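A.B. asks: Okay, here's the structure, questions in a sec.
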Amino acid sequence: MPSNINQTGMWLSLGLAFVGGYGDAASFVLAKTFTGHVTGNLVLAAIAVAAHDWRATLAPLSAIVTFLIGIVLSVLIVRPLKTWSSWPLLPTVMGIEVILLVAASLALSSGLAQGVGIFVIFLSLALGLQNGAFRRVGGISVHTTYLTGMITSLISTEAEQYTSEEVPHDVRAHDPKIELLCVIWIAFVVGAGTGAALVLHFGALGMLGAALLLIPLALREVQS
């Protein structure tokens, strides 16, 4: 475990990465839409446009817009809360995320005519809030709802260090970023597999698993 990252920050980053993978995989199984990042939805929307299936563009485009709104809202929520120094900022956002996840699950499982659309919007908003509220751990920039940018950045940094002639190979220090990347990547993938398995078995109610995990994470953060 990286020495400059405390135990609480590590477990929180792993838990949120698990939830990020869980939500993204579950949303694709249930609604054929990614709710935790933008790139995949842009591809799905482009495919729908190429196929002249204009209706199919609604879910990915709404997911993109709502995810970005969630990021903005996380900043707008945290800023006024900072005026109360003792107020738990991240647990507040996580509590809102729990409510959105439960609402998304119930909307889809209830059989509402617009249930899929409501599910995508609520889940995208929840993961957007998470991505905007939790962006650094141990001084390292991280994303818990998608990994591509972080993987690219860290691998590039490691490759540059490895090929650098300024520092001999035998004295190069171990980079804690790489270890952090590996554990977050594993947590995300395990979360994706778990989310997919549970929603395949329990349907929309399987989304409640992510909400149940967020509750102890938020309580742990309040007590830390």
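The values are calculated or read from the model by the stated rules, or taken from the named source; none is laboratory data. Note that the structure is a prediction, hence the values are computed from the model and not measured. Every residue, glycine as well, gets a Cβ built from its backbone with ideal geometry; the counts of neighbours run over all protein chains shown. When the accessible area is computed, the model is the full protein with side chains, heavy atoms only, and any ligands, DNA or RNA have been set aside. Shrake-Rupley method; radii C 1.70, N 1.55, O 1.52, S 1.80 Å.
A.B. asks: As a test question: what accessible area, to the nearest 10 Å², does VAL102 have when a 1.4 Å probe is rolled over all protein chains in place?
C.D. replies: Surface accessible to solvent at VAL102 totals approximately 50 Å².
A.B. asks: Accessible area per residue, 1.4 Å probe, Å², for segment 47-134: what's the number?
C.D. replies: For segment 47-134, the per-residue accessible area is 51 Å².
A.B. asks: Can you list residues whose amide H is under 5 Å from GLY36's amide H, if they're 5+ apart or on another chain and H is modeled 1.01 Å from N?
C.D. replies: none
A.B. asks: Still on this model: Test of understanding: what is the full-extension gain from LYS32 to LEU81, defined as 0.36 nm times their sequence separation minus their Cα-Cα distance?
C.D. replies: Numbers: separation 49, 0.36 × 49 = 17.64 nm, distance 3.57 nm.
Difference between extended and current length: 14.1 nm.
A.B. asks: Taking 7 Å along the Cα-to-C-beta vector as the label spot, tell me the LEU61-ILE47 distance in nanometres, rounded to one decimal.
C.D. replies: 1.8 nm
A.B. asks: Between TRP54 and LEU112, what length comes free when the chain is fully extended (0.36 nm per residue of separation minus the Cα-Cα distance, one decimal in nm)? Let's see the in-between values first.
C.D. replies: Values: separation 58, 0.36 × 58 = 20.88 nm, distance 2.17 nm.
Fully extending the segment from TRP54 to LEU112 adds 18.7 nm.
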